[in-house]
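Taking it in order: structure first as structure tokens, then the write-up.
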Amino acid sequence: MEKFDVIIAGAGLAGLAAAYTLAGNDLEVLVLERGDYPGAKNVTGGRLYVNPVRDLFPGLWDKAPLERFIVHEGAVLMAKERSVAIHYSGHELRAEPHQSYSVLRAKFDRWLAEQAEAKGAMLLTRVRVDEVVKENEKIVGVLAGGDELRADVVIACDGVLSLVSEKAGLRAPGSPHDYAVGIKEVIALDPGIINDRFQLEGNEGAARLYIGEATQGLFGGGFLYTNKESISLGIVVGMQSLLETGSAPDAPALLDAFKQRPEIAPLIRGGTTEEYAAHVIPEGGFKALGRLYGDGILVAGDAAGLALNIGFTVRGMEYALASGYYAAQTVLKAKEAGNFSSENLSIYKQYLEESFVLKDFKNFQEAPAVLSNPRFFRHYPDLVGNLLADIYRVPPGPKERLYPTIRKVFSLAEMWSQFKDLREVTRI
Amino acid sequence: MSHTEALKAKLGLDVFKPGGEPHIRIRPGMEKDPRLLQTIRLCPAGLYSTAQTGDVVLTIDGCLECGTCRFVCGDEVLEWRYPEGGTGVQFRFG
């Protein structure tokens, strides 16, 4: 039976961040990945915000195979027959260091794994973790590929389902309330065409979110990110929202309908879909976080529920990278003490609480409840769309005065409802 | 092209490596469970369908390993594992 200092289940961002941080500290670190290569099983929307994690991994970012730095942000309220878009572009988005990049995980994760290996971490691919090994209620290793592998501590970085932390008794299977399903196509397109269509220069990129008809009024939204030579286009839909709306089309049809929207079709025209991917995303926020540690085990990334949707930004990858980093710091601390008990590993939570990770989760703990208001996904896109339709309309006869037009949309009852929604939004 | 054919064509773009045993199984006696019926609509790969008997059947080929069915159905309805190492979908972009 082989013994390591640390076994990491899953070569995603959390696992690789932990391995990268631990390696080079004279520890034997083993990363187990069930895919053919790191990233083979991983899916993002995706965009990575570098600012919160830049200093945790000094020197890592210059050569990272990221796609484009995002200089155009777009938010589109989509009603059935019209849409209203906000486009934002600012000097700070063009300034270095760039705040966020589009990213493709198969490329990025593979590269990050190479960096961790270069520092001395050991990576085994094509190996599934089947069980955790317990002794006196303490996790002492895993069963993987028919072998028992032991370690002082196991870090579960096995993604949103985290069967590893479930088997370790740290969580029960999740409820659809706390999760969304993301479905995406990667559509190859000539870089010059991408630049022309999105008004970009060189390696600049664009990001857009679509609310409303993108998900046919269901909780969620559509997204579009420009990569170097492709576009990532997809939707994210709240699982519970899909379950409750029996009349909604099936999930794959939602993406097809989104692609055919007049706001989208011209953007991807002439492109070739190269890959179709889907993944569940944790969206329950702070209240749905799983247990972060136990005797001989830590949980990081999606496995711990560390993804956060606050409307205009949907983030997960920075939390995965940072939690992997802090899990590694915890292991180093525990190694010093020679004690990997739950009590000794509890400093992990403290690290996360002192960092942006749990600060964000606490600050935005009301976001999942507030954003689940169905009015955001049907009523408001309709309302704003109708208002602009009236404002822009030039009828054959005389045009109505603007104030009565606006007044018609904002009835007393409507304003009262908006006031109530706004009061909720202030909780975010 | 019908909706189902279009979805199959999309899945045909992905790289899948064949494995041994199916990694998800409907537990015996649960074939008509309402959660399973709902999964038909939610599975992004459209792998669940109803047979003439009214039983829900699962075709595992084309599974994206996204986890949706496990969250909808839970452990009672589905025996759910990941495919063996080195098998199943291998995303080239992700």
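Quick notes on this one:
- Minimum 20 Å² accessible area buried by the other protein chains, region B:30-44 residues, probe 1.4 Å, relative to alone: B:GLN38, B:ARG41, B:LEU42, B:PRO44
- Normalising the average separation of contacting C-alpha pairs (under 8 angstrom, six or more residues apart) by the number of residues puts the relative contact order of region B:3-90 at 43 percent.
- A 1.4 Å probe run over the protein chains yields, for the protein assembly as shown, 42 Å² of accessible area per residue, whole-number rounding.
- Estimated FRET transfer efficiency (A:ALA64, B:LYS32; beta-carbon r; R0 51 Å; 0.05): 0.55
- Greater than 25 Å apart at Cα, pairs in A:LYS41/A:LYS184; A:LYS134/A:LYS349; A:LYS134/A:LYS287; A:LYS3/A:LYS138: A:LYS134/A:LYS287
- The angle between the Cα long axis of helix A:105-118 and the longest principal axis of the Cα atoms of chain A comes to about 30 degrees, rounded to the nearest 10.
- Virtual spin-label span in nm between A:ALA95 and B:ILE60, 7 Å along Cα→Cβ: 5.5
- Carbon and sulfur %, accessible surface of region B:3-90 computed with the full protein complex present, 1.4 Å: 54
- Averaging 1/r over each pair of different alpha-carbon atoms in chain B and inverting the result gives 13.9 Å, the Kirkwood hydrodynamic radius.
- Across A:SER102, A:SER411, A:SER342, mean-square fluctuation computed from a Gaussian network of chain A (C-alpha pairs under 10 Å connected) peaks at A:SER411.
- Heavy atoms of chains A and B lose about 3900 Å² of accessible surface on contact, summed over both sides with a 1.4 Å probe.
- Rounded percent of accessible protein surface that carbon and sulfur make up, chain A, 1.4 Å probe: 52
- Structural descriptor for chain A: relative contact order 20 percent, calculated from alpha carbon pairs under 8 angstrom and at least 6 residues apart.
- Helix A:379-392 and the long axis of chain A differ in direction by around 40°, with both axes built from C-alpha atoms.
- In a fully extended conformation the segment linking A:GLN260 and A:ASP196 would gain 21.0 nm over its present Cα-Cα distance, using 0.36 nm per residue.
- Delta accessible area of at least 50 Å² on complex formation, residues of region B:64-82, 1.4 Å probe, chain isolated as reference: B:CYS66, B:ARG70, B:PHE71, B:TYR82
- Residues of region A:97-135 whose accessible area (probe 1.4 Å, heavy atoms of protein chains only) drops by at least 10 Å² once all protein chains are present, relative to their chain alone: A:LEU104, A:ALA106, A:ARG126, A:ARG128.
- The angle between the Cα long axis of helix A:13-22 and the longest principal axis of the Cα atoms of chain A comes to about 40 degrees, rounded to the nearest 10.
- Of the DSSP H helices in chain B, those whose Cα atoms cover at least 27 Å axially and whose Kyte score averages -1.0 or more: none
- The dipole here belongs to region B:3-90: it is taken about the Cα centre, uses +1 on the Cβ of Lys and Arg and -1 on the Cβ of Asp and Glu, and is about 180 debye.
- Top of A:ALA300, A:ALA277, A:ALA79 by mean-square fluctuation, Gaussian network on chain A, Cα under 10 Å: A:ALA277
- Counted over chain A, the DSSP beta bridges are approximately 70% antiparallel.
- Dividing the helix sum by the residues of the protein assembly as shown, where each DSSP H run of 4 or more adds -39500 (n - 2.57), gives a mean residue ellipticity at 222 nm of -9000 deg cm²/dmol.
- Region A:177-216: chymotrypsin sites (Phe, Trp or Tyr not before Pro) falling in loop per DSSP and having at most 14 other Cβ within 10 Å: none
- Cβ-Cβ FRET estimate between A:PHE312 and A:ALA118, R0 fixed at 30 Å, reported to 0.05: 0.20
- Within region A:358-383: backbone nitrogen closer than 19 Å to the A:HIS177 label point (7 Å, Cα to C-beta): A:362, A:364-375
- Projected-area mean, chain A, by convex hull of Cα positions, square nanometres: 22.8
- Computed E for A:PHE356/B:THR53 - FRET, C-beta separation, R0 56 angstrom, nearest 0.05: 0.60
- Environment charge at A:GLU366 (Cβ cut-off 12 Å; Lys +1, Arg +1, Asp -1, Glu -1): +3
- In units of the compact-protein estimate 2.2 N^0.38 Å, region A:31-86 shows a Cα radius of gyration of 1.70.
- Rough spin-label spacing in nm, given labels placed 7 Å along Cα→Cβ, for A:THR272 and A:LYS134: 5.2
- Distance in nm between pseudo-label sites at A:GLU2 and A:ASN51 (7 Å out along the Cβ direction from Cα): 4.2
- Largest GNM mean-square fluctuation among A:ALA337, A:ALA303, A:ALA413, using chain A with Cα springs under 10 Å: A:ALA413.
The values are calculated or read from the model by the stated rules, or taken from the named source; none is laboratory data. If you're wondering where the values come from, they're calculated on a predicted model, not measured in any experiment. We place every Cβ from the backbone using ideal geometry, glycine too, and count neighbours over all the protein chains shown. The accessibility values were calculated without ligands, DNA or RNA, using every heavy atom of the protein model including side chains. Shrake-Rupley method; radii C 1.70, N 1.55, O 1.52, S 1.80 Å.
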